[in-house]
Amino acid sequence: MIQYNQFVLDNGLKVFVHEDASTPMAAVNILYNVGSRDEDPARTGFAHLFEHLMFGGSKHIPSYDEPLQRVGGENNAFTSPDITNYYITLPTANLETAFWLESDRMLSLSFDQNVLDVQQKVVIEEFNQRYLNQPYGDVWLKLRPLAYQQHPYRWATIGKDISHIENATLDDVKAFFFKYYLPNNAILVVAGNVTTEQVKQLCKKWFEPIPAGNEYIRSLPAEPRQTQARLKDHLADVPLNAIYKAYHMPGRFDTDFQTADLLSDLLGRSKSSRLYQQLLKEQQLFSNIGSYLTASVEPGLFMVQGNLNEGVTLEQADAAINAVLQEVTDQLVPENELIKVKNQAESTLAFSEVELLNRAMNLAFAANAGDPDLVNQEAAKIQAVTPDSIQEIARQILRPDNSSTLYYRRRA
Amino acid sequence: MLLDRTQAPDYQLVNDARLVAVKTQKLDNGAPLYLIAFDQQPVMRVEVNFDAGSWFEPDDQAGAAFFAWKMLSEGTRSRTSAQISEAFDQYGAFLELNNGFDRGSLVVYCQPKHLHKVLPLLAELLTEAVYPEKEFDDLKTMTLQNLKVNFEKTSHVASVRFREKLFSRAHPYGRSQQPDSVARLTPADAQHFYERRIQLQPFRVLLAGQVGITEVALVNQYLGALPVGPPGTEAMPTPTITTDPTPELIEKAGSLQSSIRMGRTLFKRNHPDFHKVLVMNEVFGGYFGSRLMKNIREQKGYTYGISSNVGAFREAGQFMIGTDVKREFTQQTIDEIWKEIRLLQTEPVGDDELMTVKNYMAGEFVGSLNTPFEIADRYKLILLDGLPADFLSHYIARIRAVTASDVQQMAQTYLAEGSLIEVVVGSK
């Protein structure tokens with residue numbers, strides 16, 4: 001259970017405070033409601049490149065990192081298809097430094113050409129290191145456009161192509177900033193050994209003077225219902241054959257999400273799961289196999305993926321996965337198997353609330369989805385899942401004509 | 001009053017870590033129990049830790065410790081592999097089997113309400129493990145497949161080769177899993193390691209999280225009743241460290257990046273220079289604001305990241321610089337690394353920079369002691385390596401005591417020209 005207080009500043013910035021006196025630290029999390037889904041299809045990778053630029057100096061402060069390190073703070077950020085999230089942890093006594101730094105870069109960046117030039121190179125090396133210079137590193141660059149044909153989830157957060165990053169200009173940077181990096185398009189969560197009153201005072205001082213901008217109204221093309229199975233066969237210099245199967249499913253805060261989550265757990269979370277026991281242990285087709293969800297805010301993907309053993313064909317492996325999925329759509333799962341995955345989910349939830357920063361982030365994600373209280377409804381939703389609802393969601397999601405399959409084939 | 005945004009707010013120095021005390025007691029069989037009680041979320045962790053790392057493997061059986069540990073959950077006299085997985089999963093308990101160079105451990109994360117169901121399983125794995133051929137072969141296949149993928153990564157090859165050159169393949173710290181050694185291993189090798197180093201061997205328990213009298217009593221009931229024989233007395237030869245100083249380039253055609261590793265062997269945590277070297281390392285490559293990051297990422301954009309670190313094992317330590325850089329800039333990066341080293345050796349670090357580094361290290365230290373599990377991990381290091389009890393409580397003061405001339409001297413002493421080995425995988 002994550003307790004919180006909330007208020008909204010005059011400029012529209014939504015603020016949440018989670019008080020926890022047991023720690024000497026504070027966590028400050030700012031979520032901007034912009035992700036790679038909001039990008040122009042001709043300028044993909046921009047939200048993430050922009051995240052790098054946020055550390056290159058703001059209007060009144062030439063360096064972001066150094067003043068924070070000086071007061072004993074740490075920070076980082078990440079960009080997803082849905083959001084861009086910035087976070088700081090620092091000793092509570094120095095909380096105001098976080099407000100000073102974050103409010104200045106919300107007010108305006110310094111828009112330095114040299115910073116852009118260098119960060120373009122850094123992001124290209126990130127692209128190389130994570131996606132191109134690794135076996136299977138480019139899987140999501142192949143899989144997203146297969147599974148999504150209309151919705152901007154069809155490109156990866158790093159971008160479709162390195163040229164999009166190379167072509168970014170300072171004008172693009174400015175336009176992006178003043179469209180999305182607005183107090184009325186952000187959520188601030190402050191957690192730790194702080195009081196709501198203290199946070200209010202600091203917000204008034206540092207954030208309230210920042211003017212609101214035009215409200216960003218998201219209108220993205222919806223992904224049409226898939227009606228035919230898709231298959232892509234990709235040949236590459238990798239040591240083993242691998243298979244990836246993606247099925248469209250409800251979004252992270254949809255009512256059916258937890259049901260789909262438990263379904264993926266019982267199929268492929270741990271060593272006692274069905275895919276592992278049947279296909280790895282009994283039939284010995286795979287050297288690893290599992291299932292998980294992309295858990296995006298808009299309808300996401302239910303994933304099954306595995307690496308094949310020598311001598312097993314991709315077609316054989318695919319058929320074997322399909323048989324396991326068919327079983328869960330045809331027959332009700334036994335009650336004790338459901339209790340098992342509920343216990344695992346309950347345990348995971350409890351462990352996810354150990355870290356102060358995780359609590360702050362979870363609260364921000366829920367608030368961004370429209371209702372901060374969603375963060376405290378997870379446990380009840382998990383318990384409400386039944387064998388019938390599992391079967392129903394399996395039938396809805398695991399249809400062959402809802403699947404996109406990638407054969408990642410080893411070059412002989 | 002107009003807000004002056006150019007002025008940083010006042011700040012306070014962090015000088016204390018609020019450290020939950022560790023309580024020590026003995027279980028009925030004499031095994032030490034270390035308790036870190038932290039009553040917040042309903043979660044806990046039990047770690048049963050043995051002197052059973054790869055250090056204790058026979059030379060020709062690299063990987064025996066790995067298989068002995070990983071197979072603990074693959075069968076007991078009364079349960080199959082599937083039944084064991086099912087049993088842990090049924091209670092939402094997460095099992096980790098770890099084997100390091102020096103030690104190995106069985107770790108379970110669970111909710112306290114399920115502890116009484118989980119402990120009997122732990123006791124069973126520790127006393128009645130069997131090594132069925134089928135499960136052994138499955139794990140072997142998985143391990144070999146993983147190795148195939150990993151050996152395609154320049155970063156993996158570079159790290160493996162770096163340790164080999166640093167310690168030699170004949171030293172436990174220099175050995176890594178290799179396809180040929182893994183392929184040769186038999187279930188009997190793993191079982192033999194288990195019988196020699198785990199079963200009936202002395203252990204210690206670390207209990208962290210929401211743990212009170214009930215949990216301690218349960219741990220004593222199950223783990224305190226395990227038979228413990230005398231410690232293994234077989235003579236382990238003391239391996240010698242042999243460093244191969246020749247720079248090495250492993251060409252990888254078509255690689256977009258080169259993985260660079262440079263470094264040397266170093267001392268253990270009890271060395272008088274330990275904290276001085278930590279500060280020197282931090283300035284040089286230890287954090288995001290370090291000189292290496294500023295130069296090679298933030299000014300030149302050659303890489304997504306570069307860092308240096310100090311690693312300490314029980315019998316030795318190492319210093320390593322690591323980065324993956326755009327292939328064309330491999331030599332420039334190495335040259336820049338040396339330029340930064342020479343700068344550290346010739347010019348004292350400025351007051352401002354040194355202050356930032358120390359404050360950052362103090363804040364990071366306090367911030368890394370936020371959960372019972374982090375605290376337990378810190379205590380584990382000092383308890384098991386036999387470090388003085390004030391190692392943690394005096395950490396910040398010792399960092400603060402390091403001077404600019406100490407930093408310069410450390411760079412001169414430990415980063416002298418010719419003292420660092422170099423491995424590049426990719427191309428130059």
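Here are the numbers for the structure shown:
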quantity: Number of positions in segment B:35-60 that are more than 13 Å from every other protein chain (Cβ to nearest Cβ) and either more than 30 Å from A:Gly72 (Cα to Cα) or assigned to a loop (DSSP other than H, G, I, E, B) (or both); calculated: 15
quantity: From the options A:Ala47, A:Ala27, A:Ala98, A:Ala77, residue that is more than 10 Å from every other protein chain (Cβ to nearest Cβ), closer than 25 Å to B:Thr356 by Cα and at pLDDT 95 or above; calculated: A:Ala77
quantity: Residues satisfying the stated conditions in segment B:1-24, i.e. of a type outside the set (S, T, N, Q) and more than 7 Å from chain A (Cβ to nearest Cβ); calculated: B:Met1, B:Leu2, B:Asp4, B:Asp10, B:Leu13, B:Asp16, B:Ala17, B:Leu19, B:Val20, B:Ala21, B:Val22, B:Lys23
quantity: Selection count, segment A:304-361, where residues are aliphatic (A, V, I, L, M), more than 8 Å from chain B (Cβ to nearest Cβ) and within 30 Å of A:Glu19 (Cβ to Cβ); calculated: 4
quantity: Residues of segment B:401-421 satisfying the condition of being closer than 24 Å to B:Asp324 by Cβ and surrounded by fewer than 19 Cβ atoms within 10 Å (Cβ to Cβ); calculated: B:Ser419
quantity: Lone qualifier among B:Asp406, B:Asp352, B:Asp324, B:Asp385 - being in contact with a strand residue (DSSP E or B) (Cβ under 6 Å, 6 or more places away or on another chain), among the acidic types (Asp, Glu) and in the same structural domain as B:Leu256 (by TED's automatic domain parsing); calculated: B:Asp324
quantity: Residues of segment A:141-153 classified as crowded, with 19+ Cβ neighbours inside 10 Å and assigned to a helix (DSSP H, G or I), total; calculated: 5
quantity: Of all residues in segment A:160-204 being surrounded by fewer than 17 Cβ atoms within 10 Å (Cβ to Cβ) and of a type in the set (A, V, I, L, M), the one that is nearest to A:Asn11 (Cα to Cα); calculated: A:Ala175
quantity: Segment A:251-303 - residue that is among the aromatic types (Phe, Trp, Tyr) and within 14 Å of chain B (Cβ to nearest Cβ) and, of those, nearest to A:Tyr408 (Cα to Cα); calculated: A:Phe286
quantity: Tally, over segment B:156-173, of residues that are in contact (Cβ under 8 Å) with a residue 12 or more places away in the chain and more than 24 Å from A:Pro135 (Cα to Cα); calculated: 8
quantity: Selection within segment A:212-240 - surrounded by fewer than 10 Cβ atoms within 10 Å (Cβ to Cβ) and within 14 Å of chain B (Cβ to nearest Cβ); calculated: A:Asp237
quantity: Among the residues listed as A:Ile2, A:Ile61, the single one being over 30 Å from A:Ser163 (Cβ atoms), β-branched (Val, Ile, Thr) and either out of contact with any strand residue (DSSP E or B) (no Cβ under 9 Å at 6 or more places or on another chain) or within 8 Å of chain B (Cβ to nearest Cβ) (or both); calculated: A:Ile61
quantity: Residue selected from segment B:12-34 under the condition without any contact (Cβ under 8 Å) to a residue 24 or more places away in the chain and in a loop (DSSP other than H, G, I, E, B), by the criterion farthest from the chain's Cα centre (by Cα); calculated: B:Gln12
quantity: Checklist (1) in a loop (DSSP other than H, G, I, E, B); (2) within 14 Å of chain B (Cβ to nearest Cβ); (3) closer than 30 Å to A:Leu308 by Cα applied to A:Phe127, failing item; calculated: (1)
quantity: In segment A:65-91, the residues that are surrounded by fewer than 19 Cβ atoms within 10 Å (Cβ to Cβ) and among the hydroxyl-bearing types (Ser, Thr, Tyr); calculated: A:Ser80
quantity: Pick from segment A:393-412, criterion loosely packed, with under 15 Cβ neighbours inside 10 Å and touching a residue at least 24 places away in the same chain (Cβ under 8 Å), ranking: farthest from A:Phe351 (Cα to Cα); calculated: A:Arg411
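The values are calculated or read from the model by the stated rules, or taken from the named source; none is laboratory data. It should be emphasised that the depicted structure is a prediction, and the values quoted were computed from it without experimental measurement. With ideal geometry, Cβ positions are generated from the backbone for all residues, glycine too; neighbour counts draw on all protein chains shown.
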